[in-house]
Structures are given as C-alpha cells and as structure tokens.
Amino acid sequence: MKVSVLEFTIGDGLFGIQADYIKLIFDVEVIKDVDMMPDYVIGITRYGENVYPLICTARILEMEGDFCTQPIGKTAIVVKTRKGLYALLIDEIIKIQEIEKTDENSIINFYKEQDTVLEEITPKFIEQRVNIPSFFEKKEKDFAKTLSQEERAFVLSEIEDRIIGFDIDLVKKVEDIEELKPSQIPTENWVNRVYSLKNMIIKTGNLRKLLNINEKKGENLILLGKGSKILGIEVDRINDFAAVPENEISISTEEEIFDRYFIHNGKIVSVIANKHINNWIDQYALKSEIHHEEETKRKDTKEILLIKIGNKRFALKMDEIVEVLNYEDVKISTYPTKNPYIKGIMAFREKTYYLISFEAALNQKIDIDENTKILIFQKDGKEGALIISEIEDILSVPEEKIIPVLSEDSFIDGAFISDTGDIINFLNPNWIYNAGGLKGELVENA
C-alpha cells in the first residue's frame, strides 16, 4: 500500500512526513517568546484563530549547525500527534510523492530518493522528542465548521476559463458589485480602483490585470483582510466553495503567485499564496471596519487582566483574582528561605500568604513603585499572593478566542489572540507550587 509523503529540506538534509499526519502548512508571520521552555522551542506561532508551539525541527533531529535563528517568513508544517498539534519549522518544501506505507510504530524511516537518502519523520518520533504541551485547537467559523481535521477550505472564483482559489482564512466577505461604480486610480498598478461599499472605502485590485488577461469589470468583489486592513479583489464571478482533503492538495515550491493546486469538479484550481495576499494587504489596503453578522451577536466573554512582570506581558483570568492590592498598603515580613520564588510573608483578611514572584523564573526584576500590585488569586482550590510590576489593562475576550493548553502542569495556562493579532499567554500561578516545592502550602489561617 502506498501513501503520500511531503518532502522538504532542512539544511542539506532531505526529510519527509506522511501527508495524512499534516494538518496544514503556512509561512510563519508571528512568534511569541515563551519562557521556561527547552531550546528546541522557538516560541508560539499562530495561523487563523489557532496557536501552535513552534518547534525547531533541526534541534530535535540533533543536526549540527546554526538553525532556526531567523524563523519569520519560513515555512511551518503543523503535524498531528497523540499529544496534540505542533508546528515544525523547515527550510523548503520540495514535492509530494508516493512511497510504500511504513510501520506506524517506527520512530524514523529511511528511503533512497535518487542519489539522496530521505529521512521520514513520524509522529512517534515527535512524541518522543517534544516534551511540552500543545494547545487545544479552535474550530473554524462559518463554512469551515463543516471541515474535518484533514481538510482546507477555499473560495473559488472564475477568471476567463481559469479557476482561482483563495484561502478562506483570509476571506472576510464576498460582495456583488454589478451595480457599483468604481472610482479609477490613475496608476499603472493592478490595484487601480476604489469602491464605496456600505460606508467603507475599499481599495481594489483587478485580478485580470495582475494575470495579464484582458481587463473588464467583474461581478464579485472578494474582501481579503487581516486586522482592520481590507483589500478588495475583483473577479469575474464566485464559482463555489470547496473543502479539500489536504492530501489532495499539491504544493508548489516556485516563487510564484500560486502555491497550491487541486482538482475540483474536473478542473484545476490554482490557489493564490497567502504570503502574497498578506503582502498586498500590507502594501495597498486601507483600514476599514467589517462587522460580520456573527460578530454583532452577543458572545460569552471572559474578563482578562493584562499584567506585566518586569518587561514581560501576561494575562490572568479575572474570575481567578480574589483581590488586587497596592504594594504599599500591605505589610510584608521577611521569610528565611533560599526558595527563589518566595519574597516574604504577608497577612490579609485573617489569612497568611507566602508572597510569590515569577522574577527568578522569567529572569526579570520588579522595581517597587506606585504601580506595583499584589494579586490574591484562587485557582483549582489553591490560593496565593502574587507580586507583579503593574496592571496594564482589563479586556473582555470572547471565550472562543481563548485557547487552553493540553496540560495542567505547564508554565503557560493557555493563550488568546488580541485584536491587534498579538499572542498573549496566560500565566499559570499554580506552576510555582510544584516548581518552587511549595506543595500547595501557600495559605494558612492567621
């Protein structure tokens, strides 16, 4: 029995992963540093509404050399394992080819590929080498809710006799523009029109001009965006929506507008590379507001406290905070200990607490000033007092944007993606119980 394998390079090495284990492939645009992690963890990255641990594949393969020093812009492959989803950083995708199915219990398999040996990386190998928790995966919205874990969704459009695909993660809306009159921009560029659409000014590119096809007005406007920036793409018409199994998508390594291809209803669909779309949005798009119907409905939200420890930013859930105290309002007694996480002992409302700090864990220093706060927290039946540099903000975050980790013992208690696209980690105060050897004895009756 044969299976499809995605071939790629890291340095001078040739490697492969079975397509059935690959969730998605994307270019890394955002990385959030994470403390207290092994050296093979570059940080946390995001794609759409999901975040993934970003792994330096060269390091878990114990390759010699200076790898993963400039990960932005490189390709990440999200692989499914029994522990969860992990994004593996690679250099370049070569092709997809069929090989004889291997033993699922193998750690690594080797094949001869012409004059080169291909090393197949298995999920079992990743499970053995990567000993950090992953994040729960968020469900896609709208059309993507119907997708299985092995499928990707695309909006399909027509240009002459060609079918052009757009990744649904970047599509904000589709509009009928038959009755709209565009304003022409005096430019030779392919982004040469402006539409006024429901109180929005949308700068628009004509795909026909970009592809050097005779220019004419299309029937539909595809609105592509990230954050508050929206770019319109004019197409002849919207053809369909397609959910495509990932192992049926061919990936191109050429630096061209299209980077993926698949067959839909007997026709070849060429997918515009997300990398190019993001570059176009950055270069041409205007800031606009698009209110999706589902976003106007009432959502369950969580109140989130943004805090700083030194110059590092974290989040805590407000329902875990019992009290916020000014540092100068609390009497703190010294406590003879070599434990780096204990700053002293404090009393509050007939209870005595160890005052704990993440300074040593984060290699940060809290300068005591008027912004310094002490948080009394209660989590999973444990109660403690935590010193922080300052409170930065309080946010209301839809629960659907909060992504927990798959372990209760992690330094990080999850993450959420802010409106500006930043990944903000939740701090897990309970981590310090085990790490500091405190065994839950953070509070006593006074």
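Observations on the model:
- Across segment 335-392, the convex hull enclosing all Cα atoms gives 116 Å³ per residue.
- Full extension of the chain segment joining D329 with D369 gains 13.2 nm, where the gain is 0.36 nm per residue of separation less the Cα-Cα distance.
- Using the alpha carbons alone, the radius of gyration of segment 393-433 stands to its Kirkwood radius in an Rg to Rh ratio of 1.00.
- Kirkwood-Stokes translational diffusion coefficient of segment 1-100, alpha-carbon pairs, 4 °C, 1.567 mPa s, µm²/s: 93
- Förster radius 25 Å - calculated FRET efficiency between E303 and A347 (Cβ-Cβ, nearest 0.05): 0.35
- Full-extension gain in nm, H276 to S228, via 0.36 nm per residue minus C-alpha separation: 15.5 nm
- E160 paired with D176, simple spin-label distance in nm, labels 7 Å along Cα-to-beta-carbon: 2.8
- Relative to the current alpha-carbon distance between I263 and S396, full extension at 0.36 nm per residue lengthens the span by 43.6 nm.
- Cleavage-rule hits (trypsin sites (Lys or Arg not before Pro)) in segment 1-89: DSSP loop, at most 12 neighbouring Cβ within 10 angstrom: R82
- With the simple spin-label model, which puts each label point 7 Å out from Cα in the Cβ direction, the N212 to R237 separation comes to 2.8 nm.
- Ranked order, S410, S4 - accessible area, probe 1.4 Å, largest first: S4, S410
The values are calculated or read from the model by the stated rules, or taken from the named source; none is laboratory data. In this text, all values refer to a predicted model and were calculated from it rather than measured experimentally. Cβ atoms come from the backbone with ideal geometry, glycine included; neighbour counts cover every protein chain shown. Areas reflect the complete protein model, heavy atoms only, side chains present, ligands, DNA and RNA absent. Shrake-Rupley method; radii C 1.70, N 1.55, O 1.52, S 1.80 Å.
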